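As C-alpha cells, the structure follows; a few thoughts come after it.
The values are calculated or read from the model by the stated rules, or taken from the named source; none is laboratory data. Remember, it's a predicted structure, so these values are computed and weren't measured experimentally. We place every Cβ from the backbone using ideal geometry, glycine too, and count neighbours over all the protein chains shown. SASA here: full protein model, heavy atoms, side chains in, ligands and nucleic acids out. Shrake-Rupley method; radii C 1.70, N 1.55, O 1.52, S 1.80 Å.
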Amino acid sequence: MNNKKSKELFKSAQKILVGGVNSPVRSFGAVGGDPLFISRAEGCYLYTEDGDAFIDYVLSWGPMLFGHANPIVLKAIQKAMEHGTSFGAPCKQEIELAELIRHFFPSCEKVRMVNSGTEATMSVIRLARGFTKRKRIIKFKGCYHGHVDSLLVQAGSGGLTHGYPDSAGVLPEAVQHTILCDYNQIESVAEAFKSYPEDIAALIVEPVPGNMGVVLPQNNFLNDIQKLCQKHGTLLIFDEVMSGFRVSPGGAQAVFKIKPDLTCLGKVIGAGLPCAAFGGRAEIMDFLSPLGPVYQAGTLSGNPLAMAAGSAMLQHLKDHPELFTAAENMQKRLVQGFKQVMQKRGAQFQINSIGTMFTLFFTSNPVNSLKDVQTANKAQFARFFQGMLEKGIYLAPSQFESNFLSSAHHEKEIDQTVEAFESILESIQQVGQK
Ligand code: PLP
C-alpha cells in the first residue's frame, strides 16, 4: 500500500481542519496510522488519491446499500440538478420519498424530512416531550443517537472510541433528565419506570445497536420495553438511522414485529446525500409546526437533490427486493468464512451479524451489552484493522462500529476478504492480551 499522497494531504488538512477531519472516527485515532484520502468510489471499491483500490465495508457508514456511484442514483441526481439545487419551497419529490418511507416503514404514518440523523433524533425528542408534556427520557448505554446534547451520555460510536462518552460543553442541566439503562437488561428499564412512573416522555433505542458494534436484542427485550412504555404512557422511539434498510428493508421493526410510536431514519434514505427523516403516529407527528406547537424547521430540509437520490434508491429497492437478499447473502458468506478460519486456527473471537451488518469482536465472551463490548481487546482490533488495510480491505476503523455489505459486493471480494483474514489471523493472535 502506497499512501504518500494521503499522508501529505493529511498534513495539509491538519493545518486547516480540526484534527484533519470533519468527523472524529475518520481520523483513525483508535487504530493508529494516517487516514486514507479517497478520490472516488464505485461499486464496493474505494480508490485513494495514491491510486490504490480497497474493498469497502464502511460504505460511507451505511448509506450505500447498492454500492458507490450506483448509476440509477447518479442519474436521478443529475436529472434533479438540471432543475436547480434548492427551492426552499415544497416540491413533489418530497411526497415521493415520504411515501416510499411509509411503504417500508408503515409505522411512519406521517414523515418530516431533515438533513442528518442528529437532527432527526434531536427533533424527535423535542416532539416527544411536547406531545407528552413530560421531561425525562430513557437512553441505553452504548447506543448513539448523533451528537444531541441530551443524548450524548455514554453514547457509542466515536464517543466510545475516543474515550469521551460525555462531551465537554454538554451542561449537566442538559442531561439531567436523561436516564441511562443497560441494553438487553429489562430490569434496568423497569427500575427507571419505578423511579419515574409518570414522568418519562420517551424511551429512545437503537433496536439493533450498531454503534457499540452490532449487538442483537435478546429474550424479547424489544417487546418487553414496548410493554413497559405502553403501561406508563411513554413514547417508544426506534432510532433506525443505521438499522433502517440495513437489518432488513423494513428495519429492525419489521424483523422483530414491533410498531414504535416514532422512528428516526437516515443514511440509506439519502443514498449518500445529506438527508434524514423522522416519522410515526399521525396524532403525534401533527404536534409539529405548522400544525402543532412543537417547532422544527430547516432551510435545506426536503432538498430536491437529496429527495431524488433517496427516492431512486428506495424505489429501486422496492422494485428489486432480491438486491437486499444478495447483500445479506454476502454478509452470511463473509461471516461464515471468518468463522471457519477462526475454527481452523483455534481463535474464539465473536461475530455479531444481522441483515447487511456485522462486527467482529476481539473477545471470547458473547457480546450482548456495552459491558460485554468493553471486554474486547483493542490492540488486537488495531492489528486486525491495519492488517486488513494492508491487504486492500477497508473496514470500520474502530471496534465499536458496524461494517456494511452492499449488493455490489460479490463472491470474489468476499473470498478475497476471508483469505486476507486467514493470512493475518496468527499475527492478531500474537498481540498480547490487554
Ligand atoms: N442515530 C444513529 C443510530 C446513528 O448511527 C447515527 C450516525 O451514525 C446518528 C443517529 C446520527 O446521524 P448523523 O451522523 O447523520 O447525524
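Observations on the model:
- Screening region 35-63 for residues that are of a type in the set (A, V, I, L, M) and open to solvent by 40 Å² or more (accessible area, probe 1.4 Å) and picking the one that is farthest from Gly298 (Cα to Cα) gives Ala53.
- Among all residues of region 110-117, there is none that is touching a Lys or Arg at 6+ places or on another chain (Cβ under 9 Å) and among the hydroxyl-bearing types (Ser, Thr, Tyr).
- Within region 208-243, the residues that satisfy the criterion of being part of a loop (DSSP other than H, G, I, E, B) and open to solvent by less than 10 Å² (accessible area, probe 1.4 Å) are Val208, Pro209, Gly210, Met212, Val214, Val215, Thr234, Glu240, Ser243.
- Out of Phe10, Phe54, sole residue that is aromatic (Phe, Trp, Tyr), over 21 Å from Phe245 (Cα atoms) and either in a helix (DSSP H, G or I) or within 16 Å of the ligand (Cβ to nearest atom) (or both): Phe10
- Residue ID - nearest to the ligand (Cβ to nearest atom), chosen from residues in region 185-195 that are surrounded by fewer than 18 Cβ atoms within 10 Å (Cβ to Cβ) and under 23 Å from Phe131 (Cα atoms): Ala190
- Some residue of region 376-398 being open to solvent by less than 60 Å² (accessible area, probe 1.4 Å) and acidic (Asp, Glu): no
Every residue, every condition in (1) assigned to a loop (DSSP other than H, G, I, E, B); (2) open to solvent by less than 70 Å² (accessible area, probe 1.4 Å); (3) farther than 15 Å from Gly244 by Cβ, yes or no:
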| site | (1), (2), (3) |
| --- | --- |
| Leu65 | yes, yes, no |
| Ile72 | no, no, yes |
| Gly84 | yes, yes, yes |
| Ala89 | yes, yes, yes |
| Ile95 | no, no, yes |
| His103 | no, no, no |
| Cys108 | yes, yes, no |
| Glu119 | no, yes, yes |
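Residue-by-condition table, conditions (1) within 30 Å of Leu228 (Cβ to Cβ); (2) within 21 Å of the chain's Cα centre (by Cα); (3) more than 16 Å from the ligand (Cβ to nearest atom); (4) β-branched (Val, Ile, Thr):
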| site | (1), (2), (3), (4) |
| --- | --- |
| His83 | no, no, yes, no |
| Leu100 | no, yes, yes, no |
| Phe105 | yes, yes, no, no |
| Thr118 | yes, yes, no, yes |
| Gly142 | yes, yes, no, no |
| Ser150 | yes, yes, no, no |
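- Contact map, region 84-111: first residue of a type in the set (Ser, Thr, Tyr), second residue open to solvent by less than 70 Å² (accessible area, probe 1.4 Å), Cβ cut-off under 7 Å, separation 6 or more or different chains; pairs are Thr85/Leu305; Ser86/Asn303; Ser86/Pro304; Ser107/Gln253; Ser107/Pro260; Ser107/Thr263; Ser107/Gly280.
- Filter result for Ser123 (within 14 Å of the ligand (Cβ to nearest atom) and of a type in the set (S, T, N, Q)): yes
- Answer residue from region 196-224, given it is among the hydrophobic types (A, V, I, L, M, F, W, C) and away from the ligand (no atom under 16 Å from the Cβ) and is farthest from Val241 (Cα to Cα) among those: Ile200
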